[in-house]
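Input: a single structure, listed below in structure tokens.
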Amino acid sequence: MIKYGAVMVLAVAAVFFAAGVLYAGVQPNKEMQALMDSYLAAAMKADPGFKGFSAEEGKAFFNAKRMHSANKEERGCTTCHTTNPANKGKTTVGKVIEPMAPSINKERFTDPAKVEKWFKRNCSWVLERECTPKEKGNYITYMLSI
Amino acid sequence: MKRRKTILTLLAVCLLIAGFVAGPRALADDDERGEGRERGERNERSGYKYTVPQLPAYSQECGSCHFLYLPGFLPARSWEALINGSDKHFGEDLALDAAAKTELLAFLTANAAEKSGFKWSAKILKRLGNETPTRITELAYIKKEHRKIKEPVFKRPSIKSRSNCGACHPHGSQGDFEEGAVVIPAK
């Protein structure tokens, strides 16, 4: 009986350990989860076959470059944030930007108003339009996964 | 003989110390000669003290992207033009909502060059005339003060642009733009 108990304790510990290793990302807070849910609802409305956000797609979006129509220069998220969201970035005029990855910078993706504000400013800078709910959801999913 | 040698040595040491202490200051006081000189190591504040007006929204909305210019750098009419034109801020839409615009404008105009008490405000205003400038780096006074800094210096990786004031004015965010507090990074 004692032996059986010890095995059970070990098994439970092993399950927790494995879960911890597999789940390396950051969990969104309640407010951010609500924002993600609203992105999901909007994405599903736009595309009934939409399956859910993907960190992979978010990564591709983050690394994509686009020619700006007026400034005739290639722009992307990585222009300022570098290709590694865990690193500090720099704006075009040299101001340091703290890392985007919430695993490194705890303040990131905690305040929906701030998130929406910066999507608006920066999507317009890169894409000359607002980002879609799907793009925003993928982007955040990628950031949370780092 | 031995005593004379000791006195001479002491004198030499005193002169050396005096030179170290007074030298940089004497140079720094000279507004014209000092420019263009590059100092890599020193990072001292000058004696100038100024209480910089603060507003969290200003730090976040403006200071996230560029040097947090002191409101005293521009007259109130310029700040109005900048905030009212924030959807085309040098080609960028700042995505400011109405509440943010109102808050920022009230703060900026209340502390603008006409009433800031900031040492450099009067000098900037004096050279303005009736213009409504929006680019601080292009202000006549600022251009005059930087005329001896060659363009490649501004392009150095750690500086990047003329608007990165803090790169060479490490105490600029505290309002200290004195010559003596300037450190131009070598790279």
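Applying a 4.7 Å Cβ-Cβ cutoff to chain A leaves A:Cys77, A:Cys80 as cysteine residues with no disulfide-compatible partner.
Residue by residue through B:155-164, how many Cβ atoms from other chains fall within 10 Å of the Cβ on average? Don't skip to the end; give the middle numbers.
Working: counts 0, 1, 2, 2, 2, 6, 5, 2, 5, 5.
Average neighbour count from other chains, rounded to a whole number: 3.
Positive-end ranking of B:Leu55, B:Leu128, B:Leu104 along the dipole of the stretch B:35-181, with charges on Cβ about the Cα centre, is headed by B:Leu128. Along each principal axis, taking the top coordinate minus the bottom one, the Cα set of the stretch B:35-181 gives 44, 31, 30 Å in descending order. Annotation: amide H of A:Ile97 within the under-5 Å range of A:Gly89, A:Lys90, A:Thr91, sequence separation 5 or more or interchain, hydrogens built in the peptide plane. For the stretch A:89-140, the set of trypsin sites (Lys or Arg not before Pro) satisfying both a DSSP loop assignment and a count of at most 15 other C-beta atoms within 10 Å is given as A:Lys106, A:Arg129. Taking Cα centre as origin and charging only the Cβ of basic (Lys, Arg, +1) and acidic (Asp, Glu, -1) residues, the dipole magnitude of chain A rounds to 260 debye.
Among the GluC sites (Glu not before Pro) in the stretch A:68-146, those placed in a DSSP loop whose Cβ has at most 12 other Cβ atoms within 10 Å are A:Glu73, A:Glu107.
If you sort the three axes of the alpha carbon gyration tensor as a ≥ b ≥ c, you get a/c of 1.5 or more for the stretch A:94-146 and a/b no higher than b/c, which makes it oblate.
May I ask you to derive the relative contact order of the stretch B:35-181, considering only C-alpha pairs under 8 Å and at least 6 residues apart, and to give it as an integer percent?
Dividing the mean separation by the residue count of the stretch B:35-181 yields 35 percent.
Solvent-accessible surface of chain A, averaged per residue with a 1.4 angstrom probe and all protein chains in place: 61 square angstrom.
Taking +1 at the Cβ of each Lys and Arg and -1 at the Cβ of each Asp and Glu, which of A:Asn71, A:Met32, A:Thr83 sits farthest along the dipole of chain A towards its positive end, judged by Cα position relative to the Cα centre? Value computed over the given set: A:Asn71. Residue pairs exceeding 19 angstrom between C-alpha atoms, taken from A:Lys30/A:Lys106; A:Lys72/A:Lys117; A:Lys45/A:Lys120; A:Lys120/B:Lys88; A:Lys95/B:Lys119: A:Lys72/A:Lys117; A:Lys45/A:Lys120; A:Lys95/B:Lys119.
Using the alpha carbon gyration tensor of the stretch A:27-145, what are the three equivalent-ellipsoid semi-axes (square root of 5 times each eigenvalue), largest first, in whole Å?
23, 18, 12
The share of accessible area on chain A that comes from carbon and sulfur is 63 percent, using a 1.4 angstrom probe. Dipole magnitude for the stretch B:35-181: computed about the Cα centre from +1 point charges on Lys and Arg Cβ and -1 point charges on Asp and Glu Cβ, it is near 720 debye.
Per-residue Karplus couplings for the stretch A:128-140, computed as 6.51 cos²θ - 1.76 cosθ + 1.60 with θ equal to phi - 60°, are listed in order as 6, 7, 6, 7, 7, x, 5, 4, 5, x, 4, 4, 5 Hz, Gly and Pro entered as x. Shielding of peptide A:89-100 by partners, expressed as the average count of other chain Cβ atoms within 10 Å per residue Cβ, is 5. Would you please classify the overall shape of the stretch B:57-108 from the alpha carbon gyration tensor, given that a ≥ b ≥ c denote the square roots of the eigenvalues, rounded means a/c under 1.5, and beyond that prolate means a/b larger than b/c while oblate covers the rest? Rounded, because the longest to shortest axis ratio a/c is under 1.5.
The values are calculated or read from the model by the stated rules, or taken from the named source; none is laboratory data. Bear in mind the structure is a predicted one, so any value in this text is a computation, not a measurement. Neighbour counts are summed over all protein chains in view; Cβ atoms, including those assigned to glycine, are modelled from backbone coordinates with ideal geometry. Remember, those area values only see protein heavy atoms, side chains included, never the ligands or the DNA or RNA. Shrake-Rupley method; radii C 1.70, N 1.55, O 1.52, S 1.80 Å.
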